[in-house]
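**Q** Okay, here's the structure, questions in a sec.
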Ligand SMILES: [Zn+2]
Ligand SMILES: [Zn+2]
């Protein structure tokens, strides 16, 4: 399949790249990205999901949240996903390397950092729990 590098795609990638630690609904993306139509937004986002650059997670029964997870050094560090809000965080590469090295030394096991997701609870959700 031929890949078209359209202007809309570029805008989308640019926006995601600047907001790597947040997830958005399709409506929020449409609102934040100027001049992008709903149909081209859907087409481009589906392509990015297929290519593994954007992760789609389900929020409620009908809503999806999108977050950028590809590009740059994402293949070289670990990712952490919050069980509560679904947000994905990018671990500092140095910390990821030291975890990988520790596991390697202890168990002679090489972690595939690009594929590994750690699950837990993010700072925001923990703070919210304390508020209640
Ligand atoms: Zn990353
Ligand atoms: Zn959270």
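The numbers here are math on the coordinates, done by the rules we state, and not lab data. Bear in mind that the values here come from a model prediction, so they are computed numbers and not experimental data. Neighbour counts are summed over all protein chains in view; Cβ atoms, including those assigned to glycine, are modelled from backbone coordinates with ideal geometry.
**Q** Stick to the Cα atoms of the chain, pair each with every other, and give me the Kirkwood hydrodynamic radius in Å at one decimal. List each step's numbers first, then the result.
**A** Working: mean 1/r = 0.0612 Å⁻¹.
Evaluated on the chain, it is 16.3 Å.
**Q** Please give the per residue volume of the convex hull enclosing the alpha carbon atoms of segment 74-131, rounded to a whole number of Å³.
**A** Values: hull volume 5.0 nm³, N = 58.
Hull volume over Cα atoms, normalised by residue count, gives 86 Å³.
**Q** Then there's this: Efficiency by 1/(1 + (r/R0)^6): what FRET value for residue 14 and residue 123, r their Cβ-Cβ distance, R0 = 30 Å, to the nearest 0.05?
**A** Working: r = 27 Å, r/R0 = 0.89.
Taking R0 as 30 Å, the efficiency between residue 14 and residue 123 is 0.65.
**Q** Dimensions of segment 4-81 along principal axes (Cα, Å, largest first)?
**A** 34, 32, 20 Å, listed from the longest principal axis down.
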